[in-house]
1. Among (1) modelled with pLDDT under 95; (2) crowded, with 24+ Cβ neighbours inside 10 Å, which single condition is L109 missing?
2. Within the stretch 293-311, take every residue that is assigned to a loop (DSSP other than H, G, I, E, B) and not charged (D, E, K, R) and give me the one that is nearest to A110 (Cα to Cα).
3. Name the pairs: first residue in the stretch 188-208 and free of Cβ contacts under 8 Å to residues at least 24 places away in the same chain and on the phi < 0 side of the Ramachandran plot, second residue exposed (fewer than 15 other Cβ atoms within 10 Å of the Cβ) and in a loop (DSSP other than H, G, I, E, B), Cβ to Cβ under 7 Å, at least 6 apart or on different chains?
4. When both residues are 6+ apart or on different chains and their Cβ atoms are under 6 Å apart, which pairs have a first residue that lies in the stretch 228-240 and is under 18 Å from P56 (Cβ atoms), and a second that is basic (K, R)?
5. Which pairs have Cβ atoms under 9 Å, sit 6 or more apart or on different chains, and link a residue in the stretch 14-27 that is over 15 Å from A330 (Cα atoms) to one that is of a type in the set (S, T, Y)?
6. Can you list residue pairs whose Cβ atoms sit under 8 Å apart, with the first residue in the stretch 400-418 being within 19 Å of P385 (Cα to Cα) and the second being part of a loop (DSSP other than H, G, I, E, B) and of a type in the set (S, T, N, Q)? Count only pairs 6 or more apart in sequence or on different chains.
7. Every residue in the stretch 134-151 that is under 27 Å from the mean Cα position of the chain (by Cα) and charged (D, E, K, R), please.
8. Output the residues belonging to the stretch 51-76 that are touching a strand residue (DSSP E or B) at 6+ places or on another chain (Cβ under 6 Å) and of a type in the set (A, V, I, L, M).
Amino acid sequence: MSTPSEELLPGTRRSLLRRVAVAQAEGRVPSVVAAVARDGRLVWAGARGAVDGREPDTGTQYRIGSITKTFTAVLVLRLRDEGLIALSDPLEKHLPGTGVGEVTVAQLLAHSAGLAAEAPAPWWERTPGALRPELRDVLGERPSLHPAGRRHHYSNPGYTLLGSLVETVRGESWEEVLRREILEPLSMDRTTVRPVAPAADGWAVHPWADVLLREQVEDLGVMAPAGQLWSTAADLLRFAGFLAEGDERVLGAASVAELRTPAVPPEPGQWDAGYGLGAQLLRQGSRTLVGHSGSLPGFVAGLWVSVSDGVAAVTLANATSGLAAASVAAELVGIVADAEPRIPAPWQPLPEVDQALLALTGPWYWGTQAVGARLTENGGMELRPLRGGGRGSAFIAAGDDCWTGLDGYYAGETLRVVRRPDGSVSHLDLGSFVFTRGPYEPDDAVPGGVDEAGWRGLGG
């Protein structure tokens with residue numbers, strides 16, 4: 001088994017091992033392997049059961065099912081970043097003749113295109129992909145079940161269409177594009193479309209007896225972009241690090257953050273979960289996890305990363321059911337993040353400061369609500385309420401006394417310094433909201449003006 005590069009505390013390691021051991025014993029699975037990374041480095045790995053007579057390790061392959069979809073989404077976002085497609089493009093623009101060409105690329109990524117969850121019978125996961133050689137065989141006679149863009153409805157055929165989109169635009173197979181554009185740059189040498197030893201066999205466990213039945217391994221054919229891949233715990237932790245930080249060789253940090261951002265409302269009663277542009281989102285207490293679950297006959301898999309904690313976990317098992325691999329992986333993230341919280345980086349002063357920007361810091365007033373402006377690195381700004389609740393955002397410099405909102409209510413909005421003819425600052429304009437240095441000062445540029453009688457007591 002791979003040696004962790006940084007030790008966790010003994011109590012944390014025992015908690016992780018116990019959780020995996022309980023999952024394997026109670027889930028009655030032939031083998032399970034799990035691993036945890038912190039700040040991109042492997043810090044723990046554990047396993048139970050056996051593959052080919054020995055305990056599996058972080059280099060043992062398991063089939064990862066729908067975790068494959070996140071890889072396909074990255075390939076699609078690469079096409080967007082290169083200007084070859086737009087997320088708002090209808091599918092018909094690039095992949096004509098499907099019969100569902102009015103749905104957009106973004107809707108397919110977010111599972112909001114209204115397409116059916118599965119391909120027509122026979123069940124695609126348990127039959128050869130050769131039975132569905134064309135997209136029309138995957139979509140069937142009734143491919144759309146819901147109005148496009150209105151709700152989240154998970155769709156395996158939708159990701160089949162996205163894989164075909166990648167092939168059409170690139171002029172190469174999905175497998176080759178995946179290898180060259182993701183697997184090789186991220187050094188994911190043990191992630192493949194077909195098993196490469198050492199690899200676990202897939203099993204079904206009898207529900208009422210401790211006996212096994214071997215599951216067939218099928219090549220998914222045209223549906224491969226929805227669930228074909230085999231991988232290892234070590235490789236998936238590398239991918240988790242990429243999902244947290246981005247990698248300019250594959251996809252930059254801004255586009256990866258877009259992939260992690262909720263793209264469609266969750267179903268009623270499921271407000272603790274959501275979906276971005278190719279990644280599942282999970283709420284764990286106050287913590288947000290991003291990743292994906294996966295399953296195919298004989299295998300279950302889970303990958304989650306908490307970006308704020310810098311902790312990622314993977315769980316892989318070789319049984320059709322019995323162990324909720326995604327749930328276990330989420331719990332492993334929580335065990336480490338709760339037991340050993342991230343230690344913040346040392347505070348350091350800014351390397352330099354623009355005196356004109358420094359003069360903008362301090363209290364400002366939107367009406368009577370006080371907010372504080374402070375400088376951040378690279379000429380950025382933050383505007384936050386000084387007391388109570390309210391709207392606040394971080395802003396990135398956009399030049400010429402302007403900043404662009406990064407989060408919250410003001411995401412994408414422009415914060416602008418408005419100056420008087422003599423160059424002095426009159427006020428801040430934020431999406432038409434006026435922020436002044438004092439609350440309703442008579443000479444300030446307050447929309448609608450200020451009562452000439454000024455401030456008064458209750459009986460005034």
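The values are calculated or read from the model by the stated rules, or taken from the named source; none is laboratory data. Treat the numbers as computed from the prediction; the structure is a model and nothing was measured. Every residue, glycine among them, receives a Cβ derived from its backbone with ideal geometry; neighbour counts consider all protein chains shown.
1. (1)
2. The qualifying residue nearest to A110 (Cα to Cα) is V307.
3. Note: no pairs meet the criteria.
4. As it stands, the answer is W230/R63; T232/R190; D235/R190, since those pairs meet every condition given.
5. If the second residue must be of a type in the set (S, T, Y), the pairs left are Q24/S31; G27/S321.
6. none
7. R150, R151
8. Residues satisfying the conditions are V51, I64, I67, V74.
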